[in-house]
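The values are calculated or read from the model by the stated rules, or taken from the named source; none is laboratory data. All of these numbers come straight from a predicted model, not from anything done at the bench. Note that each Cβ is placed from the backbone with ideal geometry, even for glycine, and that neighbours are counted across all protein chains shown.
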Amino acid sequence: MAKIDAFFKLMNDQGASDLHLVSGQPPTLRLSGELERVKYKILENDDLKAMLYEIAPEDKVKVFEETGDVDFGYEIPGLARYRANFFMQKWGCAAVFREIPSEILTAEQLGLPPIFEKLAMLPRGLVLVTGPTGSGKSTTMAAVIDIANKKRKDHILTIEDPVEFVHKSRACIINHREIGAHTKSFGAALKGALRQDPDIILVGEMRDLETIALAVEAASTGHLVFGTLHTSSAPKTVDRIIEVFSEGEQAQIRSTLADGIRAVICQNLFKKIPKGRCCAQEIMIATAAVRNLIRENKTYQIGSAIQTGKKFGMQLLDDHIQEMLDKGMIAADEAYQKSNEKARFIPYLKEAPSVLD
C-alpha cells in the first residue's frame, strides 16, 4: 500500500471530490465545493515528491521532471480511480487528485431526465456535454455511455486524457484509450478510430481545431460522437465550435455542424441545501428549427428555440436554476453567480450584487 493511499481513504470516507497536496501546506480536501484543510503536518517538498513518485509510472515522472506538468490515472482496487495532475509551483511540487467513483452512477441515480436515454440510443450525430471544470461533465457522460453499454450491441471507443470512468463491456464492446499511454494525441486517436469499426466514440475533451474537426467529421459520417467543451450555454457552444475554424471555412462547418449535431447539454454544479451537490442543466435538442438557426448564423436565437421546445425535452439553464431555487435546494447567491441572465436572480439576493460579480 502506497503511503499516499491513506489520504485517498480519508477523501473517500469524507465524501470529498478533490485532494490537494501542496509543498509548504497541509493536505486539503474539497467538500461540497469548498476547500477544507486536513489536520496533518505541513508537507515538505522532498517528502511530498517521494510520496507522489511512489504512485506515478516512470514515464510520467520523466515527463513531469522535463515539463513541470503531467496528467495520469491512478486506481485503488475496491475504492476508486483518481485523475492525477502533478505540477511545479513556487514552493516546490504539488498535486491535485479528482476522485472518479469505481461504481458508475446510473441516469436514474443522477436524476437525469428521460431525454438522456434517447441520446444514448441515437444511431449517429454529435452530442456535446459542456460546462466549467468540475461541473460533472464526465459523470453525466459515463451515465449515458452506461445506458448504451447495457442496451445496444455496438463498439464503444473512448479517448481520454487520462481515462476516467472504466466501463466493463456488457452488451457492447468497450475500448478505453488514454492519451500518452495508448495514443499520441486526440487527433491521432480519432484518425485511427475511423479504421477501428466504432459505433460510438467518446472524446474526453475537444480542445483544439484538429480534434473538433475530426469529431464533427466522424459524426457526419455515420458515428455517434460524444464530446465535452468548456462553455456555459448552448449558443456559446455552437459559436465556439464554428469560431475555432478560419473565416473562410466557417460557412462550410456551420452547414456540416447543423446537419450532424443532435444535442448540447450545458451544466453546472451547486451546493445543495443542507449538504451535497446538485446539477442544473441546459438541454438543447437539434430540431429542424435549431438546425436552421445554426445554418443561418442566428445562434443568438437558440435560447428562444429552447424556451419554446419544452415538448422536445429542452430547457434553459436559468429555468432549471430557478426551479432548484424555488424548491429551496440552492442558495440565491450561488444561483445568481452561476446563471447566464443574472438580472433574473437579483431580486432574490439579500444584498445588491457587486460590480465585480
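So the values come out like this:
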{"quantity": "Listing of helices (runs of 4 or more DSSP H) fully contained in segment 231-296 that carry 2 or more residues being within 22 Å of Thr139 (Cβ to Cβ)", "calculated": "234-243"}
{"quantity": "Single condition Phe165 does not satisfy, out of (1) in a loop (DSSP other than H, G, I, E, B); (2) in contact with a strand residue (DSSP E or B) (Cβ under 8 Å, 6 or more places away or on another chain); (3) surrounded by fewer than 22 Cβ atoms within 10 Å (Cβ to Cβ)", "calculated": "(3)"}
{"quantity": "Flag for Thr231 being modelled with pLDDT under 95 and among the β-branched types (Val, Ile, Thr)", "calculated": "no"}
{"quantity": "Number of the condition not met by Pro123 [criteria: (1) surrounded by 13 or more Cβ atoms within 10 Å (Cβ to Cβ); (2) out of contact with any helix residue (DSSP H, G or I) (no Cβ under 7 Å at 6 or more places or on another chain); (3) of a type outside the set (Asp, Glu)]", "calculated": "(1)"}
{"quantity": "Listing of helices (runs of 4 or more DSSP H) fully contained in segment 1-120 that carry 2 or more residues being β-branched (Val, Ile, Thr) and farther than 28 Å from Thr139 by Cβ", "calculated": "58-67"}
{"quantity": "Search result, residues across segment 337-354 that are under 18 Å from Asp326 (Cβ atoms) and free of Cβ contacts under 8 Å to residues at least 12 places away in the same chain", "calculated": "Ala343, Ile346, Pro347"}
{"quantity": "Boolean, Leu157 is farther than 23 Å from Gln267 by Cα, of a type in the set (A, V, I, L, M, F, W, C) and part of a strand (DSSP E or B)", "calculated": "yes"}
{"quantity": "Number of the condition not met by Ile302 [criteria: (1) within 16 Å of Pro113 (Cα to Cα); (2) under 24 Å from the mean Cα position of the chain (by Cα); (3) not in a strand (DSSP E or B)]", "calculated": "(1)"}
{"quantity": "Any hit, segment 115-133, residues being in contact with a Cys (Cβ under 7 Å, 6 or more places away or on another chain), modelled with pLDDT of 95 or more and farther than 23 Å from Ile4 by Cβ", "calculated": "yes"}
{"quantity": "Condition check for Gly313: of a type in the set (Gly, Ala, Ser), touching a helix residue (DSSP H, G or I) at 6+ places or on another chain (Cβ under 9 Å) and more than 15 Å from Ser233 (Cβ to Cβ)", "calculated": "yes"}
{"quantity": "Residues (within 29 Å of Asp154 (Cβ to Cβ), within 15 Å of the chain's Cα centre (by Cα) and surrounded by fewer than 22 Cβ atoms within 10 Å (Cβ to Cβ)) located in segment 230-265", "calculated": "His230, Thr231"}
{"quantity": "Neighbours by Cβ (under 7 Å, 6+ apart or cross-chain): first from segment 193-204, part of a loop (DSSP other than H, G, I, E, B); second hydroxyl-bearing (Ser, Thr, Tyr)", "calculated": "Gly204/Thr228"}
{"quantity": "Pairs where the first residue, in segment 53-66, is within 14 Å of Arg83 (Cα to Cα) and the second is β-branched (Val, Ile, Thr) and surrounded by 15 or more Cβ atoms within 10 Å (Cβ to Cβ), C-beta under 7 Å, 6+ apart", "calculated": "Ile55/Ile4; Lys60/Val70"}
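Conditions (1) of a type outside the set (Ser, Thr, Tyr); (2) under 27 Å from the mean Cα position of the chain (by Cα); (3) over 23 Å from Gly276 (Cβ atoms); (4) at pLDDT 95 or above, marked per residue:
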| position | (1), (2), (3), (4) |
| --- | --- |
| Met1 | yes, no, yes, no |
| Leu29 | yes, yes, no, yes |
| Leu35 | yes, yes, no, yes |
| Leu43 | yes, no, yes, yes |
| Asp47 | yes, no, yes, yes |
| Met51 | yes, no, yes, yes |
| Glu54 | yes, no, yes, yes |
| Val61 | yes, yes, yes, yes |
| Asp69 | yes, yes, yes, yes |
